[in-house]
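Notes follow once the structure below has been shown.
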Amino acid sequence: MTPRGSAVLTAPPRPPAPAAAPPSTTPPRRDLPPRIDSGMWRAGHVQGIAVDTAQGFVYFSFTTLLVKTDLSGTVIGSVTGFTGHLGDVAFNPHDHRVYASLEYKAAESFYVAVFEVDRVTRRGMDAESDGVVTTVYLKEVADDFTAAGRTDDGRHLPHRYGCSGIDGISFGPTPGDPGGHWHLMVAYGIYSDTSRNDNDHQVLLQYDPAALLPYKRTLQQDRPHRSGPDRPQDKFFVRTGNTRFGVQNLKYDPHTGHWFLGVYQGAKDGFPNYRLFLVDGTVPPVRAPLGTGATPDHGRMLQLHPSGLHHPASGISGWDFRADVGFEALGDGYYYVSEQRTGPAGNGSLLRLHRWTGNPPAPFDPLDRTARPAPAPVGPSDPMPARPTVRSAVPVDGGLRRAAAAPQHSAG
């Protein structure tokens, strides 16, 4: 466990708003198609995506199914048979595996699923019997899921921090150490509840992926195993206000050096309820109280980057941009954003290539403007409440670029 400090977090003064962003001068990525269509699948809605640009593969999570395609959308293979909730996915370029969040709420079992994607070479491969999936149990998630939370007024309610399980997952360096070792970061799902105030933080667990691998076991869904580390390497909190089912898509962005959090829009008064947040990768975590009661819990707090839209009353910054059903940072300021497709043949995903601008309210510009508009939200959503907002445009490099450095399903 990384040593925890004792200083109380004090937010730095908000910098002056930079000048408006000029037109993007980033050269087009001619090696990446402007759109990739997953095809339609008899499975749940798309949960997350991962792209291996070096080998030219895309991975789509469809709740109970993993699909592998090439960059043209041609299907290479698929893995089926999941009876739990397969969530966000992340490709690890260091070991050529795909990692995913996988949960079985009724069994109080939460896992990182590890896919040997080089072996995924045909459709309909079985998650249990074809030797392509192993899992690592995350005890910390189960402990928070089963424990009671405590509000500032002293009430004890089910699920510490509002934990509903896990969803977002990504690889990247620890915030505050942009040139450091890359870790696996897993984000909690958080139940939507506007009546409690102990659920206003996103929770991120950090693991060393190499240290996780000795724990992995073959998936046996009728006999959930408990092979995994007792504790994460570190545990972080990000104050965003309550969102519906926490962080749906988590992604470290090497272009800006920061962490994107794509969420289903929250509904709690007093918060801006943005759909996309950015954790500042240059600011280290600081130990701070998680509430305002007499004896609040304390945790390692991460800081939101102050760019984008800003909500003065809460001090929270973010964007009104949907990145909750698949988001991939490709490097050099390019991103694939997934759009949900639904029809008689099932569910699908359309990936659209975007370029970073940093402009509020949406910091990305689609390169294919002929594509249809984004569909209605997949997750539960309320109209966004009126709020005072300060718009802060940032330069094309974001004003964010880091210094060069060495069937059981949950909703959501």
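The values are calculated or read from the model by the stated rules, or taken from the named source; none is laboratory data. Quick caveat: nothing in here was measured; it's all calculated off a predicted structure. Reconstructed Cβ throughout: ideal geometry from the backbone, glycine too, with neighbour counts over all protein chains shown.
Can you tell me how many residues within the range 173-204 are assigned to a strand (DSSP E or B) and either crowded, with 24+ Cβ neighbours inside 10 Å or in contact with a Leu (Cβ under 9 Å, 6 or more places away or on another chain) (or both)?
11
So how many residues does the range 139-157 have that are out of contact with any Asp or Glu (no Cβ under 9 Å at 6 or more places or on another chain) and modelled with pLDDT of 95 or more?
Residues that pass the stated criteria total 3.
If Thr25 meets every condition in (1) hydroxyl-bearing (Ser, Thr, Tyr); (2) within 30 Å of Pro306 (Cβ to Cβ); (3) loosely packed, with under 13 Cβ neighbours inside 10 Å; (4) at pLDDT 95 or above apart from one, which number is that one?
Evaluating Thr25 over (1) hydroxyl-bearing (Ser, Thr, Tyr); (2) within 30 Å of Pro306 (Cβ to Cβ); (3) loosely packed, with under 13 Cβ neighbours inside 10 Å; (4) at pLDDT 95 or above leaves (4) as the failure.
Taking the options Asp130, Asp153, Asp143, Asp126, name whichever one is within 23 Å of the chain's Cα centre (by Cα) and not aliphatic (A, V, I, L, M).
Values: Asp130 fails: within 23 Å of the chain's Cα centre (by Cα); Asp153 fails: within 23 Å of the chain's Cα centre (by Cα); Asp126 fails: within 23 Å of the chain's Cα centre (by Cα).
Going through Asp130, Asp153, Asp143, Asp126 in turn, just one is within 23 Å of the chain's Cα centre (by Cα) and not aliphatic (A, V, I, L, M): Asp143.
Mind counting the residues in the range 206-224 that are of a type outside the set (D, E, K, R), in a loop (DSSP other than H, G, I, E, B) and either out of contact with any strand residue (DSSP E or B) (no Cβ under 6 Å at 6 or more places or on another chain) or farther than 24 Å from Asp95 by Cα (or both)?
Pass one, the range 206-224, residues of a type outside the set (D, E, K, R): 206-207, 209-215, 218-221, 224.
In the following step, the residues that additionally are in a loop (DSSP other than H, G, I, E, B) were identified as 219-221, 224.
Filter once more, keeping what is either out of contact with any strand residue (DSSP E or B) (no Cβ under 6 Å at 6 or more places or on another chain) or farther than 24 Å from Asp95 by Cα (or both): 220-221, 224.
Of the residues in that region, 3 qualify.
Can Tyr137 be described as crowded, with 24+ Cβ neighbours inside 10 Å, among the hydroxyl-bearing types (Ser, Thr, Tyr) and either at negative phi or in contact with a Cys (Cβ under 9 Å, 6 or more places away or on another chain) (or both)?
It is false that Tyr137 is crowded, with 24+ Cβ neighbours inside 10 Å, among the hydroxyl-bearing types (Ser, Thr, Tyr) and either at negative phi or in contact with a Cys (Cβ under 9 Å, 6 or more places away or on another chain) (or both).
Go through the range 87-118 and give me each residue that's basic (Lys, Arg) and more than 20 Å from Pro214 (Cβ to Cβ).
Lys105
Could you run through the range 307-338 and say how many residues are over 19 Å from Val247 (Cβ atoms) and either part of a strand (DSSP E or B) or charged (D, E, K, R) (or both)?
5
For the range 151-164, state whether one or more residues are closer than 30 Å to Gln55 by Cα and assigned to a loop (DSSP other than H, G, I, E, B).
No, the conditions are met nowhere in the range 151-164.
Basic (Lys, Arg) and under 14 Å from Phe237 (Cβ atoms): which single residue out of Arg322, Arg287 fits that description?
On inspection, the qualifying residue turns out to be Arg287.
Report, by residue number, each residue of the range 252-274 that is more than 21 Å from Pro175 (Cβ to Cβ) and assigned to a loop (DSSP other than H, G, I, E, B).
Gln265, Gly266, Ala267, Lys268, Asp269, Gly270, Phe271, Pro272, Asn273
Pick from Ser164, Ser170, Ser192: which is at pLDDT below 95 and either touching a Gly at 6+ places or on another chain (Cβ under 6 Å) or not acidic (Asp, Glu) (or both)?
The conditions single out Ser192.
Please enumerate the residues belonging to the range 109-124 that are farther than 11 Å from Val79 by Cβ and hydrophobic (A, V, I, L, M, F, W, C).
Answer for the range 109-124, where residues must be farther than 11 Å from Val79 by Cβ and hydrophobic (A, V, I, L, M, F, W, C): Phe110, Val112, Val114.
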